[in-house]
Amino acid sequence: MSKNILGSVLSQGRKANEVLIVSTIEKAGTLKKGTIIAHDTLNEVILLQVTNKITWSDLTEQDLFLMNENEKLAYQIIQRSPKSYILHSIIAGAIRDEGNGLTFFGGTTSFIADSTPEVRWLKPSEVKMIYDKGTLDVGRTVDNHKVTLPVNGLIQRHLSIIGMTGSGKSYLLGLLCEELALHKASILIIDPHNEYIPMVQTLPREVDKMLYSIGSAVGLNTYTIDIQKLSAFDFQHFTGMGMGSTAIVEEVIQNLREKKSQYTIQDILQKLDSRAKKGSPSEKAAATWARNYIKTLKNTGMLGTSEPPIQEMVNANQTTVVAMSGVKERIQQFIVTSILQRVFDARRRDEISPLVLVVEEAHRFAPSAEKVSSSAIMRTLAAEGRKFGICLVVVSQRPNRLDSTVLSQCVTNIVMKIKNPADLESIKMSAENVTDDILNELPHFERGEALIMGESFPISIRYKTRSDRKTKHGGKNINFEDEWQKKTREKNVKKFIFPTEI
Ligand SMILES: Nc1ncnc2c1ncn2[C@@H]1O[C@H](COP(=O)(O)OP(=O)(O)OP(=O)(O)O)[C@@H](O)[C@H]1O
Ligand SMILES: [Mg+2]
């Protein structure tokens, strides 16, 4: 047992939930910040998370000057033994039996050091209770404990994945999809950068896959917009055509709707063609402009007379990606609105299986600063989707730019490296079961490091995402030097040679 002892509780630290522990280099040499350790009292095991590990030689004059009485006393002890540490820790939770067997509770509990002030490493059963909670194998803690998450605990509530560019959000999400796919999950990914195509293509054979791209891209199913759903205003919104042209398109659509139950883009173009030959010169010009604008939109291949049925897009044991790279943001928002609305309606009628709905770059579809066409359905899904078996997963670099109603409904948060002060502030506001000491570490997180917090996690868990994903990750770091070399080799332009002498 003594091998398991790390040190002794000295006193309370600067804050009410901070505990100072004295230890030695021999016992705590390998201990890392963020590690959870235990202190036994008569009726419970108190869990302490180490926030700092300091030796006498680490201290500066200023540190000593700023200390309170308890800290000064603690450091006086190690002053006499330079091979000692003071461990700063916070009370992270407790394990106790309230009649239903040993259970793990988060948050601060009252703390009175008993007659035995000893602090110890966790026992394997305690490690399991805290970190090894399910069947989704996602990574390891700083102290190398395996972290697994429970499927239901993770996705019964909406989830947000937040972190600055390159922090590893998409890699982590790809890993989660890979793990969820093994559970026959139904996953639909809104992918504005075509990042998830390699992931889906390399999922195991048993998993059904669907890949849509907007308009035509070789090898993918085409996602078309049903033009019956488009109003003249939508055409204006997508193309930026003027008011005069919009009025003519409105007239044309009105006319077609009266005559036909279903019309095509060709019908609209034909009508505009004939309108361009009638009326005043300005009317003729407006009709010509409208025709040109709509023709350009048609050439993208995204206008059709139907959309893929939602039953084809969402299914158990199926991962679906809607790849939207190269499509204007407004059109992306329109498509997302239609997909999300149809998902919501179909789930309400129980026509499709419960699903994980991933919205990458979520601030595009529900920005905080303005209202866009997809804002309303994003809010509806955030507020009501859970009841109908939709787990919304929003991914964003900037929580501050994401609609606060949507973000606040994401009660499980996975936070990765963040430096921006405004974003750190908005995370602090919504963070649960996590102390400032840990949130203050966020700017120093490594790539792939994540903090998961929320109702299902009585203690927030800091871990490093596994690097051995089986599927291929699409979001690459560009190697500038290699790319330049490659493009130079490909370049086939005759060089201009300056004359040497005139
Ligand atoms: N756990 C990990 N192990 C190994 N490589 C990783 C890990 N996490 C991320 N990476 C690599 O880091 C790079 C950036 O990761 P990723 O694409 O996930 O960033 P991101 O947070 O989604 O950035 P952005 O917001 O710009 O989309 C990628 O090349 C990815 O392969
Ligand atoms: Mg990404």
What angle do you read, to the nearest 10 degrees and between 0 and 90, between the alpha-carbon axis of helix 375-384 and the longest principal axis of the chain?
50
Here the range 232-248 yields Karplus 3J(HN,Hα) values (6.51, -1.76, 1.60; θ = phi - 60°; whole Hz; Gly and Pro given as x) of 4, 4, 4, 4, 5, 4, 6, 9, x, 5, x, 5, x, 5, 4, 4, 5
Whole-Å distance, taken between Cα centres, linking the range 333-410 and the range 19-84:
45
On the first, second and third principal axes, largest extent first, how far apart are the outermost C-alpha atoms of the range 318-452 in Å?
46, 31, 26
Once the Cα atoms of helix 265-275 and of the chain are each reduced to a long axis, what angle between those two axes, in degrees from 0 to 90 to the nearest 10, is obtained?
50
The range 361-452: trypsin sites (Lys or Arg not before Pro) in DSSP loop, at most 15 other beta carbons within 10 Å
K371, K419, R447
Cross-link partners of K277 among lysines (Cα-Cα below 21 Å; sequence separation of 8 or more within a chain)
K295
Kindly write out, for the range 40-46 in residue order, the coupling ³J(HN,Hα) from the Karplus curve 6.51 cos²θ - 1.76 cosθ + 1.60 (θ = phi - 60°), rounded to whole Hz, with x marking Gly and Pro.
8, 10, 4, 10, 7, 9, 8
What net charge do the residues around A232 carry, taking every other residue with its C-beta under 14 Å from that of A232, with Lys and Arg at +1 and Asp and Glu at -1?
+2
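So what's Rg/Rh here for the range 48-162, counting alpha carbon atoms and using the Kirkwood radius for Rh?
Radius of gyration over Kirkwood radius for the range 48-162 works out to 1.06.
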Take the Cα gyration tensor of the range 289-368, multiply each eigenvalue by 5, square-root it, and list the three semi-axes largest first, rounded to whole angstrom.
26, 16, 12
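Between their Cα atoms, which of K33/K83; K123/K417; K419/K464; K229/K278; K53/K428 are more than 22 Å away from each other?
Working: K33/K83 18 Å; K123/K417 30 Å; K419/K464 18 Å; K229/K278 27 Å; K53/K428 24 Å.
The pairs that break the limit, which is 22 Å between Cα atoms, are K123/K417; K229/K278; K53/K428.
What longest range of the chain stays clear of loop-exposed GluC sites (Glu not before Pro) (DSSP non-H/G/I/E/B, at most 14 other C-beta within 10 angstrom)? Let's see the in-between values first.
Values: sites that count: E98, E206, E351, E370, E446, E455, E501.
Counting at most 14 other Cβ atoms within 10 Å as exposed, the longest clean stretch of the chain is 207-350.
For Q311, what charge total do you get from the other residues with a beta carbon under 15 Å from its beta carbon, if Lys and Arg give +1 and Asp and Glu give -1? Could you put the intermediate results ahead of the total?
Details: positive: R342, R347, R348, R349; negative: D208, E307, E312, D345, D350, E351.
Net charge around Q311: -2.
So what's the range 71-224 giving for Cα Rg divided by 2.2 N^0.38 Å, two decimals?
Rg over 2.2 N^0.38 Å, computed on Cα atoms: 1.55.
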Of the trypsin sites (Lys or Arg not before Pro) in the range 22-60, which ones lie in a loop per DSSP and count no more than 13 other C-beta atoms within 10 Å?
K32
What percent of all Cα-Cα pairs in the range 226-303 falls in each 5 Å bin, counting up from 0?
3, 17, 31, 28, 16, 5, 1
The helix 281-299 Cα axis meets the longest alpha-carbon principal axis of the chain at an angle in degrees, between 0 and 90 and rounded to 10, of 50
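Calculate the all-directions average of the projected area of the range 376-502's alpha-carbon convex hull, and give it in nm².
14.9
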Using only Cα atoms, figure out Rg for the range 161-248 and give it as a multiple of 2.2 N^0.38 Å.
1.51
Sorted largest first, the C-alpha extents of the chain along its principal axes in whole angstrom are 97, 83, 44
P(r) tail for the range 3-111, what percent of Cα pairs lie past 20 Å?
41
Relative contact order (%) - criterion: Cα under 8 Å, at least six apart; region: the range 226-303:
34
Label-point separation (nm) for N440 and D58, each offset 7 Å from Cα along Cα-to-Cβ?
1.3
Nitroxide proxy distance, nm - points 7 Å out along Cα→Cβ at L42 and D345
6.5
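Pairs of Cα atoms under 8 Å, at least six residues apart: use those to get the relative contact order of the range 2-131, whole percent.
On the way: 243 pairs, mean separation 43.9, N = 130.
It comes to 34 percent, rounded to a whole number.
Every number here is computed from the coordinates shown, using simple stated rules; none is lab data. No experiment lies behind these values; they were computed from the predicted model shown. Backbone-built Cβ (ideal geometry, glycine too); neighbour counts: all protein chains shown.
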